[in-house]
Amino acid sequence: MANGVAQIRRSVLTLALPVTVSSLLQRAEGIVAVFLVGGLGATHIAAVGLGQLLAFIATTLVSGLSVGTNVIVAQLWGARRYQDAGEAARHFLWLSVAIALVLAGLGMAINHIVMQQLGAEPGVIELALPYSTIIFLVIPCTVLLQVLSSVLQGTGDTRTPMYALIVVNLLHILMAYPLIYGRWGLPALGIKGAAVAVGVAEAIGVAYLLWQCRPILKPSLALRLDLVRSIWDVGAPVSGERIVQQAGILIYTKLVLIYGTVTYAAHQVGLSIESLSFLPGYGFAIAAATMVGQSIGAGKYTRAKLENWEANRLALVIMAGMGIVFFFFPYLLLRAFTTDEAVIELGTMFLKIVAVLQIPLALTMVLAGSLRGAGDTRFIMGATTVGMWGVRVPMALIVALWLHLSIYYVWMAMIADWTVRMALLLWRYQSERWKAIQVIR
């Protein structure tokens, strides 16, 4: 038994570490953009953060495809149905292209309106609009990076997506700095330069992943309705969950913006730093989804449970450790992003608050990954709805609009939200109702 657990631990780490690095690199594009424009001031930081928020919201609409890809490919791969796995991957790919093109057009058409509705100041909107427009123009590349990475991760290959994102980030850094500040003979485009660099780098990353996916993607002469049903059963609740989450984030962000540009800049920088902690959680969540999915596809439910708890244990240790760093060394972390003392002062309290958040966040992320691997995406959507709309948004509204308390109390609503989600997912997993779910037929 001990040897079996040790083997599972090694397998979890083998899968999770490349995903963690990949997630870090994926998030690094946004972090690098905030870091590079930090020298231009709080307004520029807020503008980049606002543009990134809108793009992230748009990509969540196709996140169901990405998660559905991972789950269905993993279960089919575990069942050794390789032809079906390849056909499912091709279905996902074409569907994601179509939806991404629609999102690109829609985003460029309404991004100005959304910024105004969020309550951003005119100076922030003026800077954010051209950045956001370029980001939406290249959003199909962002979506394809996610979907193609999920195809490979579903087969157990987490290294290739990591290599792709290493290339993407190196290219982004090499291009973003000179394009923002006008170095090495290139024009000074300001924050637009960061967006141009994202587009070029991600396009090259997509080309690399398409080449690597050639052996997996199987041609299909007809629409496979059974695969479409599986895609819908798994992916639709995930997209619904992300829409619920991001709709709540929009309201939450609007409440943060009430406190002013400096507060929002501190919020954005704090989120960029905090993302370094939940990236390991995301890595273990993907590892759990892949391993649990493959084990369920092979009918090995006991192994699936061991994989879940091992992933939870490892994520908890790492994220709790990073929470300690956030709590005791916030100034050093914030100082790396900005010299604005007002932003640093507010950001210090933000990091202390999210330090407490790390334990419920770690458990919630990995439990959700395991449940997704089993295809139990509907319950996760329900838990997200309860946490966001039953706890975080009402609490933040009361604090900001009725009680007129400090921004610190608005930020503390995040802790309450994720704690409730953690409790719900723990109950669901221990009930073992996920064993009765059939994703593939």
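Each reported figure results from applying straightforward, stated rules to the coordinates on display, with no laboratory input. Please read these numbers as outputs of a predicted model, since none were measured by experiment. Virtual Cβ from ideal backbone geometry, glycine too; neighbours counted across all protein chains shown.
Legend: helices of the chain (whole DSSP H runs) are marked when their alpha-carbon atoms reach 20 angstrom or more along the helix axis and their mean Kyte-Doolittle hydropathy is at least 1.6; nothing is marked. From helices alone, the chain scores -29000 deg cm²/dmol at 222 nm; the rule is -39500 (n - 2.57) for each run of n ≥ 4 DSSP H residues, then divide by the residue total. Subtracting the Cα-Cα distance of L174 and H112 from 0.36 nm times their residue separation leaves 19.4 nm of extension gain. Listed by chain and number, the aspartates and glutamates placed with their C-alpha closer than 15 angstrom to that of K192 are E29, E126; residues fewer than eight positions away on the same chain are left out.
Each peptide in 233-245, 260-272 receives the mean, over its residues, of other Cβ atoms within 10 Å, and ordering these scores from highest gives 260-272, 233-245.
Taken as Cα centroids, region 349-418 and region 164-206 sit 34 Å apart, rounded to the nearest whole angstrom.
Note on the chain: with charges restricted to the Cβ of Lys and Arg (+1) and Asp and Glu (-1), its dipole about the Cα centre is near 1300 debye.
Which label marks the calculated value of volume of the Cα convex hull per residue in Å³, given the options (1) 144; (2) 130; (3) 153? Label (2) holds the value from this structure. Among residues other than S239 with Cβ under 14 Å from its Cβ, the summed charge is +1 (Lys and Arg +1, Asp and Glu -1). The value of relative contact order for the chain, using C-alpha pairs under 8 Å at least six residues apart, is 23 percent. The Cα atoms of region 221-318 give a gyration tensor whose axes a ≥ b ≥ c have a/c of 1.5 or more with a/b no greater than b/c, which makes the shape oblate. Name the shape class, rounded, prolate or oblate, that the alpha-carbon gyration tensor gives for region 57-213, where a ≥ b ≥ c are the square roots of its eigenvalues, rounded holds for a/c under 1.5, and otherwise prolate holds if a/b is larger than b/c and oblate otherwise. Note, shape of region 57-213 comes out oblate.
Protection proxy ranking, highest mean first, for peptides 83-94, 282-293: 282-293, 83-94, where packing is the per-residue count of other beta-carbon atoms within 10 Å, averaged. The packing ranking, built from the mean of other Cβ atoms within 10 Å per residue, places the peptides 357-370, 199-212, 395-408, 64-77 in the order 64-77, 357-370, 199-212, 395-408, highest first.
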